[in-house]
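Down below is the structure, laid out as structure tokens.
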Amino acid sequence: MPPDEQIGTVTGDGAFDTRRCHTAILERGGTAVIPIRKNGRRWRETCPTAKARNEILKPTQRLGRAAWKRWSGYHARSRIEAKMTVAGSLEPMAFTCSTQGIRGTHRIT
């Protein structure tokens, strides 16, 4: 991805709850949908990155992590990841079947 390309929304797990990730997202005009780590604390608002990250922390503390994930649409990431896993597991299976002379169609729903 070119460094000057704009992005919309970035969804990631708690491993991406870092200053470096939040800064990169904000610099490209994006919005982070990243859950705060379980031991996450408020960052000192010395830069716009800290302010944006603290805006995620407020509803997380008010609603709880599970409610925040539903409210923010974070669970869409999990559903997409699950579909991609299914798609990836069908590909080798189709290859194995075709080498044995068995023909079939696999449908991803």
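The values are calculated or read from the model by the stated rules, or taken from the named source; none is laboratory data. Computed from a prediction, not measured in an experiment: that's the story for all the values here. Positions of Cβ are generated from backbone atoms using ideal geometry, with glycine treated the same way; all protein chains shown enter the neighbour counts.
For segment 36-51, give me each residue that is in contact with an Asp or Glu (Cβ under 7 Å, 6 or more places away or on another chain) and part of a loop (DSSP other than H, G, I, E, B).
Across segment 36-51, the qualifying residues are ILE36, ARG37, GLY40.
Okay, residues lined up against (1) surrounded by 11 or more Cβ atoms within 10 Å (Cβ to Cβ); (2) among the basic types (Lys, Arg); (3) farther than 16 Å from GLN61 by Cβ:
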site	(1), (2), (3)
ASP4	no, no, yes
GLY8	no, no, yes
THR11	yes, no, yes
ARG20	no, yes, yes
ALA24	yes, no, yes
ARG28	yes, yes, yes
THR31	yes, no, yes
THR46	no, no, yes
THR49	yes, no, yes
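For residues that are part of a loop (DSSP other than H, G, I, E, B) and among the charged types (D, E, K, R), tally how many sit in segment 3-34.
Looking only at segment 3-34, we keep the residues that are part of a loop (DSSP other than H, G, I, E, B), and these are 3-8, 12-13, 17-18, 28-30, 34.
Pick out the ones that are also among the charged types (D, E, K, R) and you get 4-5, 13, 17, 28.
Residues meeting the conditions: 5.
Looking at ILE80, ILE36, ILE56, which one is at pLDDT 70 or above, within 18 Å of ASP17 (Cβ to Cβ), β-branched (Val, Ile, Thr) and out of contact with any Lys or Arg (no Cβ under 9 Å at 6 or more places or on another chain)?
Values: ILE80 fails: within 18 Å of ASP17 (Cβ to Cβ); ILE36 fails: out of contact with any Lys or Arg (no Cβ under 9 Å at 6 or more places or on another chain).
After applying the criteria, what remains is ILE56.
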**Fill in**
Within segment 43-79, the residues that are acidic (Asp, Glu) and either touching a His at 6+ places or on another chain (Cβ under 6 Å) or farther than 14 Å from THR31 by Cα (or both) are GLU45
